[in-house]
Amino acid sequence: QNLYDLQVEVAWMHQLDERWRMRVEIGAGLYSDFEIEENLDALRVTGLALFTYEVDRDLQFVVGAAYLNLETQEFYPFAGVVWQPHDRLQFEILFPEWKLAGFVKEVREGEIWSYFGGGFYGRTWRVQRAGGSEDLATYSNWRVHVGWEKRHISGMTYFGEIGYVFDRRLRYRSNVGEFDADALAFARVGVHF
């Protein structure tokens with residue numbers, strides 16, 4: 001069975017005072033196998049609210065919560081620390097994601113960094129079962145990865161990474177056909193802006 005998702009997100013960041021800043025994101029998407037009769041039933045909304053307290057330029061504490069497209073647990077707390085003990089070393093220790101990054105070299109119009117990271121991933125899709133009934137399928141996993149990124153002076157970041165995915169679970173609201181999948185390797189490339 002093939003699953004598809006189409007999502008749009010918008011974010012707003014605001015400096016509250018000299019120490020505090022906030023980031024709010026909201027998204028909406030269609031998550032489905034597109035076999036169901038009403039595709040609007042596959043519409044799911046996500047959101048994120050984070051507050052950052054900046055002790056100084058090199059140390060920030062983060063707290064907040066996320067409303068995820070995840071039937072098994074819709075709300076997740078976010079908490080952690082972002083620490084840059086040196087201009088060439090960064091730690092982003094946030095639950096449920098983390099990243100340790102190190103500077104590699106300067107290049108034209110940017111910098112190259114390498115990193116090691118990981119975290120939790122999950123999504124829910126509305127699907128049509130073989131008998132014709134509709135159900136919700138939730139896939140989740142934990143992952144670790146290594147990669148590189150080019151941080152461009154324009155604010156865009158290009159990245160490539162390889163990793164390992166484990167504790168892969170597929171759950172249905174109906175509890176029929178659930179299973180745990182084997183671990184696997186993955187590779188991906190992308191851009192953030």
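The values are calculated or read from the model by the stated rules, or taken from the named source; none is laboratory data. For clarity, every value in this text was computed on a predicted model and none was experimentally measured. Don't worry about glycine lacking a Cβ; one is built from the backbone with ideal geometry, like all the others, and counts go over all protein chains shown. Surface accessibility is based on the protein's heavy atoms, side chains included, excluding ligands, DNA and RNA. Shrake-Rupley method; radii C 1.70, N 1.55, O 1.52, S 1.80 Å.
Name the single residue, out of those in segment 17-36 being over 15 Å from the mean Cα position of the chain (by Cα), among the hydrophobic types (A, V, I, L, M, F, W, C) and modelled with pLDDT under 95, that is nearest to L136 (Cα to Cα).
Among them, the one singled out is I36.
In the set V107, V127, V144, which member is under 24 Å from R44 (Cα atoms), among the aliphatic types (A, V, I, L, M) and either free of Cβ contacts under 8 Å to residues at least 60 places away in the same chain or surrounded by 17 or more Cβ atoms within 10 Å (Cβ to Cβ) (or both)?
Just one listed residue meets the conditions, V127.
Could you look through segment 163-187, keep only residues that are in contact (Cβ under 8 Å) with a residue 12 or more places away in the chain and acidic (D, E), and pick out the one that is farthest from T124 (Cα to Cα)?
Here the residue is D182.
Condition test on Y158, is it surrounded by fewer than 17 Cβ atoms within 10 Å (Cβ to Cβ), among the aromatic types (F, W, Y) and closer than 21 Å to F103 by Cβ?
Yes, satisfied.
For segment 1-26, give me each residue that is farther than 29 Å from L59 by Cα and either open to solvent by less than 60 Å² (accessible area, probe 1.4 Å) or in contact with a strand residue (DSSP E or B) (Cβ under 8 Å, 6 or more places away or on another chain) (or both).
Passing the criteria: Q1, L3, Y4, D5, L6, Q7, V8.
Looking at this structure, is L70 over 14 Å from the mean Cα position of the chain (by Cα), of a type outside the set (K, R) and surrounded by 13 or more Cβ atoms within 10 Å (Cβ to Cβ)?
No.
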